[in-house]
1. Select from Leu43, Phe20, Ala430 the residue farthest towards the positive end of the dipole of the chain; place +1 on Cβ of Lys and Arg, -1 on Cβ of Asp and Glu, and compute about the Cα centre.
2. If you line up the long axis of helix 475-486 against the longest principal axis of the chain, both from Cα atoms, how many degrees apart are they, to the nearest 10?
3. For the stretch 495-541 and the stretch 72-106, write down the distance between their C-alpha centroids in whole Å.
4. Under 1.5 on a/c is rounded, so check that first for the stretch 413-514, then, if it is not, pick prolate when a/b is larger than b/c and oblate when it is not; a ≥ b ≥ c are the square roots of the alpha carbon gyration tensor eigenvalues.
5. Please give, to one decimal in nm, the separation of the simple spin-label points placed at Ser565 and Ile25, each 7 Å out from Cα toward the Cβ.
6. On a 0 to 90° scale, report how tilted helix 446-469 is relative to the longest principal axis of the chain, with both axes built from alpha carbons and the result rounded to the nearest 10.
7. Considering the alpha-carbon set of the chain alone, what are its Rg and its Dmax in angstrom?
8. May I ask you to derive the FRET efficiency for Thr370 and Val35 from their Cβ-Cβ distance with R0 = 41 Å, giving the value to the nearest 0.05?
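Read-outs: derived from the displayed coordinates by stated rules, not from any lab. None of the values given here were measured: they were computed from a predicted structure. When we count neighbours, we look across all protein chains shown, and the Cβ atoms used for this are built from the backbone with ideal geometry, even at glycine.
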Amino acid sequence: MKGGFLDNLGKVYGIYTGTFIGFVIFLAILEQLGVPNKIIGYLFVFMTIGIYALIGILSRTTQVSEYYVAGRSVPAVYNGMATGSDWMSGASFVGMAGTFYASGYDGLAYALGWTGGFVLVAVLMAPYLRKFGAYTVPDFLGTRYGGNFARAVGIIVLLSCSFTYVTAQIYATGIITSRFLGLSFEVAVFAGLVGILVCSMLGGMRAVTWTQVAQYIILIIAYLTPVVILSAKVTGVPIPQIMYGQVLQEIARLEQTSEFLATVREQNLFHTAPFTRMDPVNFFGLIFCLMLGTASLPHVLMRFFTTPSVREARVSVGWSLLFIFLLYFTAPAYAAFAKYEVYANLLGKPITDLPAWVAIWKNVGLVTITDIGKDGLLHFADLKLNNDAIVLATPEIAGLPYVIAGLVAAGGLAAALSTADGLLLAISNALSHDVYYRMINPHADTARRLMISRVLLVVVAILAAYTASTKPSDILSMVAWAFSIAASGLFCALVLGVWWKRCNTPGAVAGMIAGFGVCMYYLIGTRYGGMPEWFGVKNISAGVFGIPVAFITTVVVSLLTKAPSQEMQQLIDDIRVPRGETFIDREKNALAGGH
């Protein structure tokens, strides 16, 4: 190929995609030739992790700008793919369709909140943070609000939300590797951790970026393939996004039959009826928290620090929305076809003659079978499928070839690994750049800073893996907590830091502390302390209380204290102009000129 790597991105990833599809076809042939399923599962897991590791090794770097922001050279479309991969975590890939399966209409709160949040990122955040030119979110806070106090509070919030989020991703890798490698869950989380660390430790943001592009390609192929096959099988049309309405009608009909009606009514499980599992307060409260949390997550905002220009940052948000849309638009269809296959292929069979996958997923802890009627047949009330099992188990439920199940596992692993990489990098960068370099040792050389970042990345990863091994909650709940924490602690300071020149240091710091404190008090108190819920709001929407407190506190304290300097107010005006050099570059040039 002529030219450098960036000049040949289309060819490189085109060859990669074709090779991966060929690899899947090769495994399908092996299955037909009688190769054991366990071998196929091993090949899927190890080959895909091996590809990510190879990209990570080839992208290793010792340059600070490459390690933290990929040299600010990532084109918009590829940054969009990387952001989509970074964003569509184990919660989106593994958990979202499972939530639709269990909650039906009410599960739409997650899709609406997350996609709506990216509109806020595009309109309120991404271009302006890119214009500022910082390496990390705490870096922006520390400079915008003039000192290490705001930076330190931002770091605390970042660590809290990111650690909660990365624990959920490692939990997802544990589920997948446990199922397809035959390991115990407690061991599987640490096995999955190896793949995470190899991708992110050597090359930082540069390695993570190009790995995440590769992971997006795998995860979207893996997600779409089984549901396209099911759509063709059930409706005759391989476009599940527009055909699952027929399946919903069949599900609604079945829910009215004697086999289902009593249990459906007892547990309020009607798939298409609104507000059966969440009342309107919790439904719209969750959307609110997820939207503002999306616009506050440090590992997502970091992605827009890597583009070559402010314009590219804005365009990359549009690409991100497109790539995310492909999965989110498909998730309701996935849930509908999965539920139909359970109703059609599983219920009514003798419990002693259930397919082999049922026992396998029971061993993982995601399927429970009882015999309430004592008649030896599997009824709707006898089967409990964990939300996190739906996407991974649907190919086996529907009787598709095992290679499809392995493909879905590879996709789920790609989603969890990509987000875990981004989160661990956000945590380690904050600790090494914002704590060590900015606050402890401003004279540290490049080698020392990168060494500190890598060591901290490993330490945080091991702690998160240990926490995940205790199974603190389901994936989606842990992720929702992270969004409420981020929104309560960071959203106000970030958005007012760009859009309100009068917002000052005391106001921003007080708002971050107050919002974060209220959110954590409510979340921990209701989850672990036996505290009653306020107005019936679930703890996954704790940000409903933290976010307004943050805004009120910030505005009141800012108005009661001294306004920011004229230089800072001029900086805010400059940030909103899409052209020109970034603030950080201007400061560097001024220092160089002074010397």
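1. Ala430
2. 20 degrees
3. Computed from Cα coordinates, the inter-centre distance equals 25 Å.
4. Values: a/c = 2.36, a/b = 1.13, b/c = 2.08.
Note, shape of the stretch 413-514 comes out oblate.
5. Result for the modelled spin labels: 6.4 nm.
6. For helix 446-469, the angle is close to 30 degrees.
7. Rg then Dmax for the chain, in Å: 24.1, 86.
8. On the way: r = 35 Å, r/R0 = 0.86.
Step by step, r from the Cβ atoms, then E = 0.70.
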